[in-house]
Structure formats: C-alpha cells, structure tokens
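The values are calculated or read from the model by the stated rules, or taken from the named source; none is laboratory data. None of the values given here were measured: they were computed from a predicted structure. Neighbour counts are summed over all protein chains in view; Cβ atoms, including those assigned to glycine, are modelled from backbone coordinates with ideal geometry.
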Amino acid sequence: MSEKRSHFYVTTPIYYVNDQPHIGHAYTTILADVLANYHRLLDVPTHFLTGTDEHGQKVQQAADANGISPQEQCDQTVVRFEALWKRLEITNDDFIRTTEKRHTDVVQATLQELFDRDQIYRAEYAGWYCVGCERFYTEKDLNEGLCPECGRAVDSIVESNYFFRMSQYQDWLVEYIETHPEFIQPAFRANETLGFLKNQPLQDLCISRPKSRLAWGIELPFDRDFVTYVWFDALINYISAVGYRSDEGRFKDWWPCSCHLIGKDILTTHTVYWPTMLKAMGLEMPQSIFAHGWWLTGRTKMSKSLGNVVNPMEMIDRYGVDAFRYFLIAEMTLGQDASFTEEAFVKRYNSDLANDLGNVANRVLNMLSRYCDRRIPPAPTMAALEGEAAASEVLAAVEDAVAHSGDCIADMKLDGAVALIMTAVRSINVFLQERAPWGAAKEGRQADVEATLYVAADALQRCAALLHPIMPEKMVQLRAALGVNEVQPELEKIRCFGELESGVEIMQPDALFPRVEWKTVEKEVPVKKKKQEKAMEPKASEEGLVTFDQVMAVQLKTARIVEAEKIEGADKLLKLQVDLGSEKRQIVAGIALHYVPEALINQTVVVVVNLKPAKLRGVFSEGMLLAASSGDQLQLVSVGGDLPPGSAVK
Ligand code: MSP
C-alpha cells in the first residue's frame, strides 16, 4: 500500500434538513466512510465528520410548508439522517448540526474578527437574486435573464448588506490552484474553477441576509438586523467541529483537513468561497477537495419533481446494507456520473457477490467442515507451495491486492481497488477448481486437501479484510467464520501468507449473499413504482415539445479528437479517440464521406457523453458527435477558443 499519512481527516457536505435523505446523500457519506475505514485499516489516526446544514431559506421554506418552526423542521429531519447513517453502518466520529452552540459561537467570533479587520464591510446592493440557489447575480451573470445555475427566474433586489472582500484573493487563488495540483480533484474540476476565476473579475461575497427577508440564520454579531448567509455559516462547520477557536490542541491535530468530499453541484462554494474565507482567517488550506459526479436514475437526473429519487432504505431492505454499499463503490468511477438502475444492481450483486465472493466463501467453509473437522488445517510451508502454479497465482493475486489497492484508494480510484480485490477472490475459485480437493479427499490424500484448503482460507480472510471498509458487517461475519475475531482488520496482519491460525474452529454461517432472481424482484417491485418509471421515460409531448429536465438529461461536453481512422469495410464510418479531459473515449461517427481522418486531429468538437454505448459494425462506440447537415453537406459542431476538453456544453 502507498506511503502512510500522519492523519486522515475526511468530511462530507453537511446536508440540508429540508427533506429526507436520498441516495445522493447516502453515496457521499458511504464514500467518506469507506475512505475512513481504509485509513483505519492502515492504522492511520482518522477523523470522519458529517452533519446537517440547518439554516437558510431552504429550511425556512420547508418549515413553512410543513406548518412547523424551523427548529422543529431541523429536529424532525436530522433524526432521519442519523437513522440512515446508523443503518448504513457509517462510522463518523462526529456529527455537527449548524444550530449547535459550538458552531454558532465560532461563526460569530469569526465574523466579528473579519469585520474588525475590515475584511467585511457594509454596502448597498442592487442586482438579481435567485431564491432557489440563494445567490446574488449581476446582470452580466444571468443567462438570458434567468439564473445561470438552475435556469429559474430571478428577483430584482435592492438591499443594504454586508460583504466579504473575496475579490482581493482572486490572483492568490488562481496561483494556489495552479501550484497545488492535488488541491481540487479530479483535475478537470480544477480547470472548471480556474475557468470561472480567469474569465471574470471575482466579486465580493454578500454574507448577510436582512432579517426582514429571512430570519432563520446566525445573527451577525455586529448588526442584529441581519443573519449570516447560509454558505458562510455552513462551510465553517469543517473547522468549528474540530476545535477552531475552542480547543487549539484538537484543532492542530486535525486541521488541515485531508479531504473534503463533495458532489459536483457545490464546487464553486468549496473551491472559491471556502479557500478565500480560510485565507482571510489566516488558516491553512485543506489538502484536497474532491468532487464526485451524480447518481442518475437511468440516464435522467434524480429530482423530486420527476419522482425518480432512489430511497436508500428501500434498497437496504431488499438487498442488505453491504450489497448496497458495495454497488455504489464498485459501480461509480469517481468524478464521473453513474447510472443507478435496480436491474444493474441485481446483475452486479449476482456476479460479484453471490457468484464470486459468496460462492468461494461457501465452498471453503463447507469443505473445511467436511474434510478438516471444522478446523483451520496446518499451514503448508512456502517451500511446499513452490512450483505449484495454481497456488502461486492465488498468492500473487492476493499480494497484488494488498500491495496496490491502497494506491488506488490514495488516487481515489475506488472502483479500481474493488477490481483488484475481486480478481484475487476469483483466483481462489479457480485454484479450488484446479486443485479439486474433493478428488484428493476421495483418494485419501489428506495432506493435499489440507494444504489446498489452508491456502484458500488464508487468501479468503485476507480478501475479506480488504473488503471490510466497504462491507463491514458481512466481512466481520466472514472473518469470524474463519476464526478471526478482531472486528477491525489490520493491514499488518494480512500482508503475508500464513497468518490464519491453524487448529481454530470455524463456523458455518448462512449464505452470505444469496442469489437474487431479477425476474422475481421485478414482479415484487410495487406496481406504483413501475408507473413512476414509465412516467419518467423521456418522451416528446403531443406538440413535439420536451421539458427542461428532458433537455438537461442530455449531457454535452467538448472533446478533443486525438486519433481518427477509417473502419475497414464501412465506407461511412470513422473510428475516433477523443479526449474528454477526465477520460479518453472511442467514438464511431458516420462522417467518413465528409472528413479525411487527418483533418480531424486536434479539432474540438461537441459530444453527447451519456449516450448508451453501442457497437457499430462490431466496433465499440461510447458517445456521439454533434454535426449540422443540409442536403449532402455535413459539418461537425466545433468549439473555438481555449476551453479545456470536457467543458460542459449547455
Ligand atoms: N448544505 C449544502 C452543503 C453545505 S457543505 C458546507 C448542500 N446540501 S445538500 O443536502 O443539497 O447536499 C448536496 C450533496 O449531496 C452533494 O454535494 C452530494 O454530495 C450529494 N448529492 C445530492 N444528490 C446527488 C446525486 N444525485 N448523486 C450524488 N450525490 C449527490 O448542498
């Protein structure tokens, strides 16, 4: 595994308490939990913080709609988050609520200090305000008169307010981001922030709301007619929770934070507001801010109005906590969007968990019962295994997973770590098949049977330890079945072959991951849900019009063509390799009659990136280029200027 860190402090966004938690919230929290668990496995002192964002307009509006006070709204909703985290086996060390005194005190003290140092000033403001995003915009920011973030109508507003001198940090921030490549990840998100910072002068940040308009917030210590803007309040949770201004020793232990995990929707607040706030406070920057993509329902953005939001509790009820955590971690390539469908879930569950891991666990435990008197047999010596090709392969695959899964995690390639570990799991199955201990048992070759089963059991417990951060409950059961009773696995104990104690009694638990038949599930999924799914299918209305959400469901990005070649036997097709910033893709395009391959190299084109992959004339294609055509003329839609590949086209 990679170089050891001195400490690991990981955070999730603090979630708004305007509604119940959904799969998106569950995902970021599981991801943080997995990272925290891996660092505990590595014996790195770890601190994992999550919590709730309880002030601001969204919470006030939800309270009004429910006919309760904002504090009641918070108290009633926070328990849903806490219950879900408990159910999901989340091991956060702390849970912060922004209505707690330990937080509000710090926010007020920070505001007072910045005000005294003239980092905050009062001014008259005239401009535009988006209620949904709770953000101010200048005329120039608007997109055809609408909010540039969410596309909704904005209100004209004239107000006296307090402003943080964010603009003075623009040059510093650009330089900081450019000289600290690990600061904003993945790299294409750093480019997104740099694009934002370089294309316009950074404005000062309005950090107050007059109580006459919104009373639910932390009062400004220097003006009782105002409350604090919810983002200025919320971001401070990352330091108030670890002792900033209250326990300097503790603060020193954990700050700077190792990793702020966020969804891509809150990039600007975390990579522009937060660093400039910290700079003004004279504090160190977090080591990294990692923005992951969205979970989509099929190919559509999850939204309450579409009724397609996946409820984590339902999934856990049907498949168990561990399978749910496993799917989310294995299925999403960090940084990219990913699609959630129950059918894909069941497919991966059956292939990875029921067939591979579950099957090997059942086989090993059954055979230990049958042939080894329910005990771990004596360990064969390494010398005895030398020259045994099948055994060497298992040992090599497990060692590879032990040695390199940590590197994958340090690089935030969690799906890569899962793939390495599952390769090792599969190698145990292959090994058993080749060594056929049942045959050796029939022939009375007991020493062979025992050697085979020891190698398999030892490899299995090492894989189980590596999977523990993702599937804590089932992996504790599996390791216990193999006679390992420490709940928290340690990397040091699984580095080498032969740590499994011989002579220890094993247990035979129920099947870890019983197979699920999709056809049966499909029938059981309530009819209501099916109707919802049907309603979600993108369809043109009678007038041929599509909704805003349907348009937004098509993801367009800029891409640079890096290779282009003809496809043998297909006159109209070209095979292209394109650079999307965060990834390379192969796209087959029907443009061969209009372009010679060489002319395409380095052109920046527009690609539909969430098109279902397909094979065209047997060649795999992942995306579609946009082109304009008239008669027999065709021209690719291209983008001038120097936007980086992977820029969103909206
Ligand atoms: N309260 C702010 C964050 C303040 S942090 C100082 C907020 N809260 S939120 O409740 O809206 O949660 C947003 C976060 O939830 C996203 O950044 C992401 O982590 C997670 N997700 C919400 N929907 C999601 C998906 N569909 N997919 C993946 N994660 C998403 O913003």
Would you tally the residues in segment 181-204 being surrounded by fewer than 14 Cβ atoms within 10 Å (Cβ to Cβ) and within 19 Å of C259 (Cβ to Cβ)? 2
Note on segment 212-240: residues of a type in the set (S, T, N, Q) and within 16 Å of the ligand (Cβ to nearest atom) are T228, N237, S240
Step by step: first the residues of segment 121-142, then only those that are more than 14 Å from P210 (Cα to Cα) and hydroxyl-bearing (S, T, Y), then the one that is farthest from the chain's Cα centre (by Cα). Which residue is that? Y121
Scanning segment 310-351 for residues that are hydroxyl-bearing (S, T, Y) and away from the ligand (no atom under 15 Å from the Cβ) gives Y319, Y326, Y349, S351
Give A62, A32, A83 a once-over and let me know the one that is more than 24 Å from D233 (Cβ to Cβ) and among the aliphatic types (A, V, I, L, M). A83
Given the conditions (1) within 16 Å of the ligand (Cβ to nearest atom); (2) surrounded by 20 or more Cβ atoms within 10 Å (Cβ to Cβ), every one holds for F95 apart from (2)
Sort out which residues of segment 66-83 are aliphatic (A, V, I, L, M) and touching a residue at least 60 places away in the same chain (Cβ under 8 Å), and write them in order of number. V78
Failed condition for R209, given (1) within 16 Å of the ligand (Cβ to nearest atom); (2) part of a loop (DSSP other than H, G, I, E, B), with all others met? (2)
Mind telling me which of the residues A390, A447 ends up being farther than 23 Å from Y349 by Cα and surrounded by fewer than 16 Cβ atoms within 10 Å (Cβ to Cβ)? A447
Looking at G249, G243, can you tell me which residue is more than 9 Å from the ligand (Cβ to nearest atom), without any contact (Cβ under 8 Å) to a residue 12 or more places away in the chain and touching a helix residue (DSSP H, G or I) at 6+ places or on another chain (Cβ under 7 Å)? G243
Whether any residue in segment 456-478 is β-branched (V, I, T), within 21 Å of S405 (Cα to Cα), modelled with pLDDT under 95 and in a loop (DSSP other than H, G, I, E, B) is what I want to check. no
Could you figure out which of (1) out of contact with any Leu (no Cβ under 9 Å at 6 or more places or on another chain); (2) exposed (fewer than 15 other Cβ atoms within 10 Å of the Cβ); (3) part of a helix (DSSP H, G or I); (4) free of Cβ contacts under 8 Å to residues at least 40 places away in the same chain isn't true of W172? (4)
Determine which member of the set D33, D43 is closer than 21 Å to G416 by Cα, more than 8 Å from the ligand (Cβ to nearest atom) and not polar (S, T, N, Q). D33
State which residue is surrounded by the most Cβ atoms within 10 Å (Cβ to Cβ) when the search covers only segment 578-594 and only residues that are in a loop (DSSP other than H, G, I, E, B) and modelled with pLDDT under 85. G581
Just need a number here: residues in segment 232-257 that are within 19 Å of L173 (Cα to Cα) and either aromatic (F, W, Y) or outside any helix (DSSP H, G or I) (or both). 4
Unique match (being within 30 Å of Q20 (Cα to Cα), in contact (Cβ under 8 Å) with a residue 60 or more places away in the chain and either surrounded by fewer than 16 Cβ atoms within 10 Å (Cβ to Cβ) or of a type outside the set (D, E) (or both)) among R135, R152, R102: R102
In segment 8-28, the residues that are more than 8 Å from the ligand (Cβ to nearest atom), surrounded by fewer than 24 Cβ atoms within 10 Å (Cβ to Cβ) and modelled with pLDDT of 95 or more: F8
Among the residues of segment 286-304, is any away from the ligand (no atom under 14 Å from the Cβ) and among the small types (G, A, S)? yes
Answer from K612, K575 - the residue that is over 22 Å from N191 (Cβ atoms) and in a loop (DSSP other than H, G, I, E, B): K612
